[in-house]
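K.L.:
Submitted below is the structure of interest, expressed as structure tokens.
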Amino acid sequence: MHRPLDPATLLLAVAAFTLLGVLAGVGTGLAPGLHVNNVALLLLASRPAFEGAVLFLFPGAGPAETVAILSSFVMGTVVGHSFLDFVPSVYLGAPEEKTALAILPGHRLLLAGEGHVAVRLAARGALAGVAASVALLLPLRLFLGTPFDAYERAKGAIAFILLGIALLLILSEKDRRASRARSSCWRQRGIAAAVFLVSGAFGWVLLDTTWLTSWNWYPLGRWSADFGTLVLFPLFTGLFGLSTLVLSSRNRAAVPPQDLSRSPGVRRRGLARGILSGSIAGALVSWLPGLSSGAATALAQVLSRGQGSEASPESLREFMVALGAVSTATAVFTVSVLFIIDRARSGAAVAIRDLNAGPVASWEPATQPPGLLLVLLVSAALAAIVAYPVTVACSRLAARRIHRVRYDLLARAVLVVLVALIVILAGAAGLMVAVVAGVLGLVPPVAGVKRVHLMGCLIVPVALLYLGVA
């Protein structure tokens, strides 16, 4: 009969794999174009090797404990990535979709010699976002589950909620480059709507994978028949990875010297408002299908005072705090929602569910959270505590050596790696999807609209499915 690990040994195992996850998150966060989903996908593909490592280090670990330990690796990766992702987004202009809005406020601070301030503020918001999400988790559980059952009650209206949020994000567009005339604003909104609809049509076409799999070719043999591997991986890599890398590989803009001695200079009220707006935005989108942390980021922009080029320096700093809070709060909430409504709303949640080989334990009643959820919350807290000083240290190093970085060469190298991964995992058809998605992903930064509208590739198909158009 299997004897479970004692609590101290299990805690040690969780801590060790959380730290390994943070290390992986540091790598994906600093490398432009890489995403947590890439690590989650590789973890699932090489699960036997990871399980072997767990059993080698902790021989007494049972199946449930192995799942908890590997899940802590996923959570550590997500949280570590959420912190470190702000370093390239501020210094190198290589954000992914959730930090795309950091380009304007972050670069304004960078060009003022305050790039280190921008990253420190985002890291501070990310650290507080983990704490705020844990504090708001029970209210979210009571709202979505018993006694309010908001998720069950709202199921019939989810399509309209999704389209309403998409409309709100489109209407939030302004001309951030030149004229502020009303006609110019409506031009930006028209472009945003077109991006949303075209990406939505593309996502709808990709729902049927028969035409992809019927002729696909894999150089090393077929790895997986999973929809995420065949479609979502190349789709999102193209939309938010390849397109960013193509633009960033051509970027040789000069950056002024950075002042490492400057204080963040945010009032307590602004700091609290940034943390609260980011955390609430993360909670709002965590249970809705088709929405991502990019949507939460855009909502946080509406809730906070950091409204882009017309914002004051104080507002820009507050918005960087909100961005940090969005990043980690969304990560914690989307994983936690898996235990509340049994729906995976992020790549990390999908990985944890698949590691569990079935539905996770439900958080019912509200006074008895599942053991795996508690392990993940401890893992998130530990990862945040470790990732914060690592982020500040990396930012300090980047601020001192930003002039020496040949970022164009780095971006091209990562571009080659991503294309190779797509061909190996998703085949020639996956490469075709990634190329089309990459071209579509170039439109928002070139036209000056938010990348979040590309999430139409998920929102439109999900909304149509909820409306019964399938």
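Laboratory data are not the source of any read-out in this text; all were calculated from the coordinates shown. All of these numbers come straight from a predicted model, not from anything done at the bench. Every residue, glycine among them, receives a Cβ derived from its backbone with ideal geometry; neighbour counts consider all protein chains shown.
K.L.:
If R₀ is 22 angstrom, what is the calculated FRET efficiency for the pair Ala194 and Val435, using the beta carbon separation as r and rounding to 0.05? The partial results should precede the final answer.
P.N.:
Working: r = 20 Å, r/R0 = 0.91.
So the FRET efficiency works out to roughly 0.65.
K.L.:
Going by Cα centres, region 10-84 and region 346-425 are how many Å apart?
P.N.:
9
K.L.:
Once a ≥ b ≥ c are taken as the square roots of the eigenvalues of the Cα gyration tensor of the chain, is the result rounded (a/c under 1.5), prolate (a/b larger than b/c) or oblate (a/b not larger than b/c)?
P.N.:
Working: a/c = 1.29, a/b = 1.18, b/c = 1.09.
Note, shape of the chain comes out rounded.
K.L.:
Oh, and also: Would you mind calculating the gained length between Phe160 and Asp208 on full extension (0.36 nm times residue separation, minus the Cα-Cα distance), in nm to one decimal? Could the numbers behind the result be given before it?
P.N.:
Values: separation 48, 0.36 × 48 = 17.28 nm, distance 2.35 nm.
Taking Phe160 through Asp208 to full extension adds about 14.9 nm, to one decimal.
K.L.:
Further question on the same structure: I want the local charge near Pro389. Using Cβ-Cβ distances under 14 Å, sum +1 for each Lys or Arg and -1 for each Asp or Glu among the other residues. Mind dumping the intermediate values first?
P.N.:
On the way: positive: Arg120, Arg124, Arg396; negative: none.
Taking every Cβ under 14 Å from that of Pro389, the sum is +3.
K.L.:
Return the distance in nm (one decimal) between the two label points of a simple spin-label model at Ile385 and Ala150, each offset 7 Å from Cα along Cα→Cβ.
P.N.:
Inter-label distance under the simple model: 3.1 nm.
K.L.:
Still on this structure, I have one more. Quick check on packing: order 81-87, 421-427, 52-58, 410-416 by the mean number of other C-beta atoms within 10 Å, highest mean leading. List each step's numbers first, then the result.
P.N.:
On the way: 81-87: 29.6, 421-427: 21.6, 52-58: 14.3, 410-416: 17.7.
Ranked from most to least packed, the peptides come out as 81-87, 421-427, 410-416, 52-58.
K.L.:
To continue, here is another question. What is the distance, in nm, between label points placed 7 Å from the Cα along the Cα-to-Cβ direction at Leu464 and at Asp342?
P.N.:
If labels sit at Leu464 and Asp342, their model points lie 2.8 nm apart.
K.L.:
Another question, if that's okay. Place a point 7 Å from Cα of Arg108 in the direction of its Cβ. Which residues in region 266-280 have their backbone N less than 17 Å from it?
P.N.:
It comes to 266-267, 270-271, 274, nothing else.
K.L.:
Helix-derived [θ] at 222 nm for the chain: sum -39500 (n - 2.57) over DSSP H runs of at least 4, divide by residue count, nearest 500?
P.N.:
Details: 20 runs with 320 residues, N = 470.
Only helices count here, giving -22500 deg cm²/dmol.
K.L.:
Work out the FRET efficiency for Phe143 and Leu171 from their Cβ-Cβ distance, taking R0 = 22 Å, and round it to the nearest 0.05. Don't skip to the end; give the middle numbers.
P.N.:
Numbers: r = 26 Å, r/R0 = 1.19.
Calculated value: 0.25.
K.L.:
Pulled fully out, how much extra length does the chain show between Ala447 and Ala64, if you take 0.36 nm times their separation in residues and subtract their Cα-Cα distance?
P.N.:
Values: separation 383, 0.36 × 383 = 137.88 nm, distance 4.90 nm.
The Ala447-Ala64 span can extend by a further 133.0 nm.
K.L.:
For region 1-56, rounded, prolate or oblate, judged on the Cα gyration tensor with a ≥ b ≥ c (square roots of eigenvalues), a/c < 1.5 rounded, else prolate if a/b > b/c?
P.N.:
oblate
K.L.:
Could you compute the FRET efficiency for Leu11 and Trp215, with r as their C-beta to C-beta distance and R0 at 51 Å, rounded to 0.05?
P.N.:
Working: r = 50 Å, r/R0 = 0.98.
E between Leu11 and Trp215, to the nearest 0.05, is 0.50.
K.L.:
What distance in nm lies between label points placed 7 Å from Cα along the C-beta direction at Ile424 and Arg262?
P.N.:
Each label point is offset 7 Å from its Cα along the Cβ direction, giving 4.1 nm.
K.L.:
Then there is this: Could you rank the peptides 203-212, 339-348 by their average count of other C-beta atoms within 10 Å per residue, with the highest value first?
P.N.:
Numbers: 203-212: 15.1, 339-348: 20.9.
In descending order of packing, they fall as 339-348, 203-212.
K.L.:
In debye to the nearest 20, how big a dipole does the chain give about its Cα centre with +1 on each Lys and Arg Cβ and -1 on each Asp and Glu Cβ?
P.N.:
Working: 37 positive and 21 negative charges, 339 e Å.
Here the size comes out at about 1620 debye.
K.L.:
What length, rounded to one decimal in nm, is gained on full extension from Leu57 through to Ala272, with 0.36 nm per residue of separation minus their alpha-carbon distance? Don't skip to the end; give the middle numbers.
P.N.:
Values: separation 215, 0.36 × 215 = 77.40 nm, distance 4.20 nm.
Computed gain between Leu57 and Ala272 is 73.2 nm.
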